[in-house]
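**Q** Take a look at the following structure, please.
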């Protein structure tokens with residue numbers, strides 16, 4: 001097997017793991033499932049990874065890098081107003097809720113629900129990945145608060161975590177209903193909440 005073929009098979013396994021775990025969950029996903037999805041042999045799997053845990057850890061790391069790039073290039077960054085960027089972020093999350101559920105749900109959220117108490121290495125990667133994403137939102141949250149509600153008592157970090165809590169909860173209900181509409185409607189409410197949160201009081205001068 002050439003180096004290029006080895007790289008291709010490893011990439012296929014990582015992508016397959018991300019897809020299958022988001023569809024079936026971590027526990028229900030087997031090495032056979034991943035190999036079948038990737039179109040590679042078990043021998044190829046064990047050439048690259050010691051175990052399903054080993055693969056999952058690397059797949060989660062890759063997921064973090066991939067999604068970081070995906071959101072970095074998203075169109076809502078074009079807005080000069082930080083509140084417009086926050087609202088644009090929510091609108092973007094609504095817009096990409098298309099296709100199969102596994103195609104728009106979060107690998108970190110799916111994994112951590114099952115592994116938080118049994119697989120500490122996986123939990124830490126999921127926590128780090130989600131927290132890194134929240135940190136990128138916090139920059140816009142801080143700018144928006146300084147611009148619109150500088151006297152607000154709530155913390156920038158707490159709002160970042162609230163936004164992600166709403167998203168992860170929306171994904172859970174999309175799975176429960178097998179329908180993205182309930183998730184989209186939940187994010188519409190999130191958008192309305194953000195608009196109200198940054199609204200200037202009526203007695204505040206422009």
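**Q** Could you tell me how many degrees, from 0 to 90 and to the nearest 10, lie between the Cα long axis of helix 120-148 and the main elongation axis, the longest principal axis, of the Cα atoms of the chain?
**A** Roughly 20 degrees, rounded to the nearest 10.
**Q** Test of understanding: ordering 172, 21, 57 by Cβ neighbours within 10 Å, fewest first, what list do you get?
**A** Fewest to most other Cβ atoms nearby, the residues stand as 172, 57, 21.
**Q** Still on this structure: How do 11, 56, 115 rank when sorted from fewest to most other Cβ atoms within 10 Å of their own Cβ?
**A** If I rank by nearby Cβ atoms, fewest first, I get 11, 115, 56.
**Q** Separation between the residue 136 and residue 73 pseudo-spin-labels, each 7 Å from Cα along Cα→Cβ, expressed in nm?
**A** Placing both labels 7 Å along Cα→Cβ, they lie 1.2 nm apart.
**Q** Can I ask one more? Would you please give the FRET efficiency between residue 181 and residue 47, computed as 1/(1 + (r/R0)^6) with r the Cβ-Cβ distance and R0 = 45 Å, to the nearest 0.05?
**A** With a Förster radius of 45 Å, E is 0.55.
**Q** Extending each Cα 7 Å along its Cβ direction at residue 28 and residue 173, get the distance between those two points in nm, one decimal.
**A** My value for the distance between the label points is 2.2 nm.
**Q** I'd like the orientation of helix 82-95 relative to the chain: the angle between its Cα long axis and the longest Cα principal axis, in ° from 0 to 90, rounded to 10.
**A** Taking the Cα atoms of the chain, the angle to 82-95 is about 40 degrees.
**Q** Would you order 126, 106 from fewest to most other beta-carbon atoms within 10 Å of each residue's own beta-carbon?
**A** Fewest to most other Cβ atoms nearby, the residues stand as 106, 126.
**Q** Hey, another quick one. Rounded to the nearest 0.05, what FRET efficiency do residue 96 and residue 7 have when you use their Cβ-Cβ distance and R0 = 22 Å?
**A** The value I calculate is 0.20.
**Q** Compute the long axis of helix 52-72 from its Cα atoms, compare it with the longest principal axis of the Cα atoms of the chain, and write down the angle in degrees, 0 to 90, nearest 10.
**A** 40 degrees
Each reported figure results from applying straightforward, stated rules to the coordinates on display, with no laboratory input. Only a predicted model underlies this, so the values are computations on that prediction, with no experimental measurement involved. With ideal geometry, Cβ positions are generated from the backbone for all residues, glycine too; neighbour counts draw on all protein chains shown.
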